[in-house]
1. Once each part is reduced to its C-alpha centroid, what is the distance from region 1-53 to region 115-134 in angstrom?
2. Quick check: residue separation of ARG57 and PHE24 times 0.36 nm, minus the Cα distance between them. What number comes out in nm?
3. For the chain, what % of the accessible area comes from carbon and sulfur atoms, probe 1.4 Å?
4. Report the Cα centroid-to-centroid distance between region 296-316 and region 259-281 in angstrom, as an integer.
5. Can you tell me how region 206-311 classifies by the Cα gyration tensor, rounded, prolate or oblate, using a/c under 1.5 as the rounded cut?
6. Please report the spacing between the Cα centers of region 142-163 and region 199-233 in Å, no decimals.
7. Along the charge dipole of the chain, pointing to its positive end and built from +1/-1 on Cβ of Lys, Arg, Asp and Glu, which listed residue (SER41, LEU258, VAL320) has its Cα farthest out?
8. Taking a point 7 angstrom from the Cα of SER130 along the C-beta vector, which residues in region 84-104 have backbone N less than 18 Å away?
Amino acid sequence: MQPLLSIRNITKRFDRNLSPVVEFLSFEVYPGEIFALLGPSGCGKTTTLRLIAGFERADGGEIYVDGQCFEGSKTHLPPETRDIGIVFQEYALFPHLNVLQNVAFGLKKLPAKLRAERVMTVLEMVGMASFKDRKPHELSGGQQQRVALARSIAPSPKLILLDEPFSNLDAGMRHSTREEIRFLLKDAGMSAVFVTHDQEAALCFADRLAVMQNGRIEQIGIPERVYHRPQTPFVADFLGVTNLIIGEAEGDWAETPLGRFQIAPSARGAVLLSIRPEHLVMAQPETEGHSNGVGEIVMREFKGHDLTYRVKIGTENYVVQTDYCCPLQVGAQVTLQAVGPAVVVKKG
Ligand code: ATP
């Protein structure tokens, strides 16, 4: 399948004396795909979106949409000709216009009758038709975000860019709006690039994601694959909670301070391993007085649907997650075993 969006070695630098904000960035987004750029604050996510939208000029590399060069050494298509919809964090609705007028704003080229029809179609799509006469301040944050989405999809753009669109919403609203917007984008068959620093949002909203650090992509893949098979310590640590453990590998196994663990992929020599808290299980030490790999529970946090423990072994602390009914208490002596292989995130 031909990609809809192709980013090739894009580089952007705001200050010649500083390192580039985005450097040799490459990724592709396919028709109908939701792609997330995930990374900590300042890693270059918004700059990448602004480059795609045409608000910034790239210093190197190319951007293609549907086979057409939008950005290159000799090309810079102005933003208004790029046929790209944008949804920002702060909704950016016109406060003096009602919902209907806000959505109609980008459709000025259409004859009045067609414009009115299109506005009602997209408002129905996002479940906001009955709010058409309200002003933005008469809507909740989630409703405003749905109107902002309706406005950006009304002109049927090739691609939608979403910049932290859920971060202004409270936890409950964030979940439901995220679910609804994903459904709407999928239903409309739209392609989207979604920028966030929230790993949970990226994991459940995106079909594929890229983890960024310092203007570069560290890993691209489907959320489950990247979560379960991080390729670098940064990705393992950023995408959820993890335990990073040193080991000495010998093929599919490694000796670690916790004992002998199965590893993936196979390796030889010194390695750094990532083991998620939910992939560690606690067991009672087999023999009393046997101290190798035996630790003590120093923290127990009940969270309703699960429990988080902190286990101290030697000088190191390990995080373990169990289901809701583990009876082990602070002070208990335990050993740790892994369920499934530990992931090699660094060799040497
Ligand atoms: P956040 O999650 O906080 O929004 P981000 O990953 O989207 O962060 P960017 O907004 O792309 O990061 O910014 C990346 C870096 O580029 C930051 O160090 C920022 O200060 C810098 N930067 C962004 N825009 C400009 C500009 N117009 N001029 C100079 N520096 C800029």
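The values are calculated or read from the model by the stated rules, or taken from the named source; none is laboratory data. Because the structure is a prediction, the values reported are computed rather than measured. Backbone-built Cβ (ideal geometry, glycine too); neighbour counts: all protein chains shown. Surface accessibility is based on the protein's heavy atoms, side chains included, excluding ligands, DNA and RNA. Shrake-Rupley method; radii C 1.70, N 1.55, O 1.52, S 1.80 Å.
1. What the calculation gives is 33 Å, centre to centre.
2. Full extension from ARG57 to PHE24 adds 10.4 nm.
3. Here carbon and sulfur together make up 50 percent of the probe-accessible area.
4. Centre-to-centre distance over Cα atoms comes out at 20 Å.
5. oblate
6. Answer, in whole Å: 24.
7. SER41
8. Once the point is set 7 Å along Cα→Cβ of SER130, 99-100 turn out to lie under 18 Å by backbone N, inside region 84-104.
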